[in-house]
Amino acid sequence: MAQPTTTFLDELMSAARGCFALLVGNRQAPSYFDFSQRGLVGSLIATVIGIGLAGFGPLLTGIDLPSGSATQSVVVNGVLFVAQAVTAFVALRQMGRQDGFIPYLVASNWVTLASAVLLLISTMLGALGFIVLVLVVILALASFINIGRFIVTLTALQIGILFISQAVGVFLALAVLAVIIGPAPPPV
């Protein structure tokens with residue numbers, strides 16, 4: 001378990017090292033994350049920042065977005081976060097691994113912030129941003145697997161079940177959102 005941190009910045013720096021450790025497959029990755037209640041709150045703040053960056057970050061870099069698209073992005077990402085958390089809870093509960101839910105959530109939340117930062121960088125790179133986007137997908141998948149291996153200590157089959165349950169949950173949430181929100185209006 002990580003040492004108690006004194007500030008959010010300390011926690012952010014430690015979690016950044018943890019995210020890197022997850023990417024390179026370092027078994028010491030759990031030691032960088034704070035799995036206490038305070039650490040959970042810090043990771044939820046990181047997720048809110050990540051969702052905000054995903055929605056409003058392009059506006060901060062001067063990219064012109066259609067009216068309402070940033071807010072719609074925040075709403076969609078918020079719903080997808082909830083769907084992912086609920087399906088993770090249900091899947092881990094079915095596996096008898098409820099003890100792994102908070103550690104899973106904490107590590108995943110910090111990976112969400114790291115991914116949002118990388119995605120924002122990809123929008124600033126123009127055509128080269130596609131390479132960063134592909135890299136983010138690969139890194140997110142590697143992080144997910146290593147969170148299952150090192151943080152929650154799941155077997156390969158359990159990681160697969162968790163992945164499938166979350167994919168189904170996210171697709172169902174997207175379907176419900178598509179019905180409620182409808183398709184995006186065409187650009188004018």
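The values are calculated or read from the model by the stated rules, or taken from the named source; none is laboratory data. These figures come from a predicted structure and were not determined experimentally. Quick reminder, even Gly has a Cβ in these numbers, built from the backbone with ideal geometry, and neighbours come from all protein chains shown. Just the protein is used for accessible areas: all its heavy atoms, side chains included, with ligands, DNA and RNA removed. Shrake-Rupley method; radii C 1.70, N 1.55, O 1.52, S 1.80 Å.
At-a-glance table
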item: Output for region 24-51, where each listed residue is closer than 19 Å to residue 145 by Cα, aliphatic (A, V, I, L, M) and out of contact with any helix residue (DSSP H, G or I) (no Cβ under 6 Å at 6 or more places or on another chain); result: 24
item: All positions within region 81-113 that are open to solvent by 30 Å² or more (accessible area, probe 1.4 Å) and under 24 Å from residue 20 (Cα atoms); result: 81, 84, 99, 101, 102, 112
item: Residues that are outside any helix (DSSP H, G or I) and either touching a Leu at 6+ places or on another chain (Cβ under 9 Å) or at pLDDT 90 or above (or both), drawn from region 151-188; result: 152, 153, 154, 155
item: Test: residue in region 7-26 that is in contact with a Ser or Thr (Cβ under 8 Å, 6 or more places away or on another chain) and among the charged types (D, E, K, R); result: yes
item: Scope region 37-71; condition surrounded by 14 or more Cβ atoms within 10 Å (Cβ to Cβ), out of contact with any Ser or Thr (no Cβ under 6 Å at 6 or more places or on another chain) and hydroxyl-bearing (Ser, Thr, Tyr); matching residues; result: 43, 69
item: Failed condition for residue 16, given (1) more than 30 Å from residue 182 (Cα to Cα); (2) open to solvent by 50 Å² or more (accessible area, probe 1.4 Å); (3) not in a helix (DSSP H, G or I); result: (3)
item: Residue within region 127-138 that is closer than 16 Å to residue 22 by Cβ, out of contact with any Leu (no Cβ under 8 Å at 6 or more places or on another chain) and among the aliphatic types (A, V, I, L, M) present; result: yes
item: Every pair of residues 6+ apart whose Cβ atoms lie under 6 Å, when the first sits in region 107-129 and is farther than 13 Å from residue 42 by Cα while the second is polar (S, T, N, Q) and not in a helix (DSSP H, G or I); result: 124/61
item: Residues of region 121-157 classified as open to solvent by 40 Å² or more (accessible area, probe 1.4 Å), closer than 17 Å to residue 93 by Cβ and touching a Gly at 6+ places or on another chain (Cβ under 8 Å), total; result: 1
item: Complete set of residues in region 52-66 that are under 21 Å from residue 174 (Cα atoms) and either outside any helix (DSSP H, G or I) or among the charged types (D, E, K, R) (or both); result: 66
